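Below is one structure, written out as structure tokens; comments come after it.
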Amino acid sequence: MTARTLLAASLTSAAIPLEQQVRAAQAAGADLVELRVDCIGDISAVTGLLEAPRILPLIVTVRCAAEGGAWTGSEAERVALIERLGLLCPGYIDVEYATWRRSANIRQKIGLVCNLAGAGAGTHEARTPGQHPKNELILSHHDLAGTPTAIASLLDELAASPAGIIKVAFTAHDAADACRVLSELRRRRGSARQVIALAMGEGGVATRILARKFGAFLTYTVLRRGEEAAAGQPTIADLKQIYGWERIGPATRVYGVIGWPVAHSQSPHVHNAALAADGIDGVYVPWAVRPDYEGFAAFMDYVAREPELGVAGLSVTLPHKEHALRWLDEREPAAAGVTPRARRCGAVNTLALESDGRWLGDNTDGLGALAALQTARRYMASRPADQRVAVLGAGGVARAIVAALCEEGCQVTVYNRTPQRAQALARELHCAWRPWAERVQYVGEVLINCTSLGMWPAVDETPVSDAALRAGTVVLDAVYRPAETRLLRAARSRGCAVVGGAAMFIGQAARQYELWHDRPAPVEVMRRALPADAG
Ligand code: NAP
């Protein structure tokens, strides 16, 4: 069976009339609606909806507490309710596999209202009450503690049941769990049973977006943020507008950002907009990967071992930039390489799968800063060799920017709170350094903040006093939340040329895009796609 993956909107409350919510789901593009009766609580509202003319097919779910639901009544009441609602022909009924196995009596009751042995399972048409007396059965298993190693045998067991649709929902500790779930889903594409396989939580977000690539029966969404029936559920609008749901298919290549945390990342907005504009068959998703090296290596080892996942390029953000370099270095030269630029930075922010199967690590942060500086006419008025640049900070971003500036031929001086780090950076990259206290008499025509000072929520902080800013200086702030930092506000008011961190962010993303797709990045599209609070 190669039916397209359906979009299911989960409803968890009847505070807004259910019929109104179903219409909103239909208008948003949902193919069916899941009624989480255990969360909704108002049974008369549910029966009212089921008795009214059908707008979309419905899934009735009365989830028990042991599998993450909100049901507080007895099991006998729950089974009786499922049977009663089933007689109103919602279309689909979700029952836990554990409940199904518990007794012949339960199986008989469920069997009265459901098609068994897979007959007709997976058909998506809406049913009118009376037209077809039975519902498709979804037998489900939820693991609130983690993602087991034996996903395959669990799915095999479910597939031996008489349900036409089988579902597993695990808890992802990180994105490596999501990858294992996706691999299993991929292996079962086209099998006799329709499969729903997902991982809950931030680490599992990719399973919800890539469900369509790997042929899941459906993916669960919500209409509005805050209404999630399970952690990690995206909104329909996000799936469609950010991730280009309709464009995802079996051959879609997968890109993404690895970080911890990663939910706040603006990169999916920017890269997916560019992919859509260029008509590239790709999707860019967040991968929340555990913060230690072992977590990073476990994720990357899996991705490298399973090329069928289709992962072709990755952005790397905190805290994994040094981990990425180490991971590449620990692989055979035939399997991985590092550009001299990334080597100079001591960190990798971009991983690209080359056509020969090698993973290449690069660092585009410095190039992004250069691209941002080049938007300032005052910077472009002089040759790089005549530019004296004061860099505040000696962390990862400072290092990437200093390396790029030195390569351009600029004269760089580093100021950092911890003098040893400034000194080490200056020695390694052959530039000058001065104690942090001297930043107020900075030497140069260009000043770049590479510290985190001024970053949201500490928006009143600034790396140099307002009074120290000299008219005529070009000031670049790597911080991009908020879009206009206190440093940039003060610099503007004192007659400096200002460049925001968003320009650098777009610059580094554009270089990543060019590396992965071998074509110029649609920079204007990327800039417009950056959410307003970041740009
Ligand atoms: P990092 O490696 O942790 O380095 C942080 C730097 O800030 C260090 O030099 C640190 O000094 C300094 N610092 C922190 N708190 C300070 C304080 N209270 N007073 C003085 N100095 C302080 O971080 P990073 O990865 O380089 O990132 C730095 C900033 O760049 C972040 O705000 C990040 O959001 C931004 N960023 C922007 C982009 C972009 O595309 N625009 C990309 C990546 C990152 P010590 O050495 O003394 O600790």
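Of all DSSP beta bridges in the chain, what percent run antiparallel (nearest 5)? Taking every DSSP beta bridge with both residues in the chain, the antiparallel ones total about 10 percent.
Computed with every protein chain present, the accessible area of E322 is close to 100 Å² [probe 1.4 Å]. Placing +1 on the Cβ of every Lys and Arg and -1 on the Cβ of every Asp and Glu, with nothing else charged, gives the range 367-506 a dipole about its Cα centre of roughly 140 debye. Using Cβ point charges alone (K and R +1, D and E -1), the dipole size of the range 257-363 about the Cα centre works out to roughly 380 debye. Computed with a 1.4 Å probe over protein heavy atoms only, the accessible surface of the range 6-249 comes to 35 Å² per residue. Over the range 6-249, the ratio between the Cα radius of gyration and 2.2 N^0.38 Å evaluates to 0.93. Amide H to amide H, with H built 1.01 Å from N, D292 comes under 5 Å of no residue 5 or more places away or on another chain. The trypsin sites (Lys or Arg not before Pro) found in the range 198-270 that occupy coil by DSSP, while having at most 11 further C-beta atoms within 10 Å, are R225. Compute the acute angle (0 to 90°) between the alpha-carbon long axis of helix 18-28 and the principal axis of greatest extent of the alpha-carbon atoms of the chain; round to the nearest 10°. Computed tilt is about 50 degrees. A 1.4 Å probe over all protein chains sorts D477, D301 by accessible area into D301, D477, starting with the largest.
Can you pull the percent of the range 6-249's accessible area that's carbon plus sulfur, 1.4 Å probe, other chains left in place? Carbon-and-sulfur percentage of accessible area, whole number: 54.
Positive-end ranking of T473, L405, N135 along the dipole of the chain, with charges on Cβ about the Cα centre, is headed by T473.
For the range 367-506, which whole-number percentage of the solvent-accessible area (1.4 Å probe, protein heavy atoms only) is attributable to carbon and sulfur atoms? It is 51 percent, rounded to a whole number. In the chain, the calculated helix contribution to ellipticity at 222 nm averages -10000 deg cm²/dmol per residue, counting -39,500 (n - 2.57) for every DSSP H run with n ≥ 4.
Residues whose amide H comes within less than 5 Å of that of V498, counting only those at least five positions distant or on another chain, are V475 (H built at 1.01 Å from N in the peptide plane). The string of couplings for the range 368-382 from the Karplus curve (6.51, -1.76, 1.60, θ = phi - 60°) is x, 5, 4, 4, 5, 4, 5, 7, 8, 4, 5, 5, 6, 6, 10 Hz, one whole number per residue in order, with x for Gly and Pro. Percent of Cα pairs in the range 1-117 per distance bin of 5 Å, from zero to the largest separation: 2, 11, 23, 24, 19, 13, 7, 1, 0. The residues S161, S493, sorted by heavy-atom accessible surface at 1.4 Å with ligands and nucleic acids left out, run S493, S161 from largest to smallest. The C-alpha atoms of the chain define a longest principal axis, and helix 267-278 lies at about 80 degrees to it.
Amide H contacts under 5 Å for N416: G393, R434, W436, restricted to partners 5 or more places along the chain or on a different chain, H placed in the peptide plane at 1.01 Å from N. Measuring spread by the Cα atoms of the chain yields a radius of gyration and Dmax of 26.9, 85 Å.
Over the Cα atoms of the range 367-506, the radius of gyration divided by the Kirkwood radius equals 0.92; this is the Rg/Rh ratio. Pair-distance distribution P(r) for the range 257-363, from all Cα-Cα distances in 10 Å bins starting at 0: 15, 48, 33, 4 percent. Taken one residue at a time, the phi angles of the range 480-497 give Karplus couplings (6.51, -1.76, 1.60, θ = phi - 60°) of 10, 10, x, 4, 10, 7, 4, 4, 5, 4, 5, 4, 4, 5, 9, x, 8, 8 Hz. Gly and Pro are set to x.
Between 0 and 90 degrees, the angle of helix 419-429 with respect to the longest Cα principal axis of the chain falls at about 80 degrees.
Counting only protein heavy atoms and using a 1.4 Å probe, the accessible area of I43 comes to about 40 Å². Accessible surface for the range 367-506, divided over its residues, is 44 Å² per residue with a 1.4 Å probe.
Each Lys and Arg adds +1 at its Cβ and each Asp and Glu adds -1 at its Cβ; summed about the Cα centre, the chain shows a dipole of about 780 debye. By accessible area, using a 1.4 Å probe on protein heavy atoms only, the range 257-363 has 54% of its surface on carbon and sulfur.
The values are calculated or read from the model by the stated rules, or taken from the named source; none is laboratory data. Everything numeric in this text was worked out from a predicted model, so none of it was measured. Cβ sites come from the backbone with ideal geometry, for glycine too, and all protein chains shown count toward neighbours. To get the accessible areas, we keep the full protein, side chains included, count just its heavy atoms, and leave off ligands, DNA and RNA. Shrake-Rupley method; radii C 1.70, N 1.55, O 1.52, S 1.80 Å.
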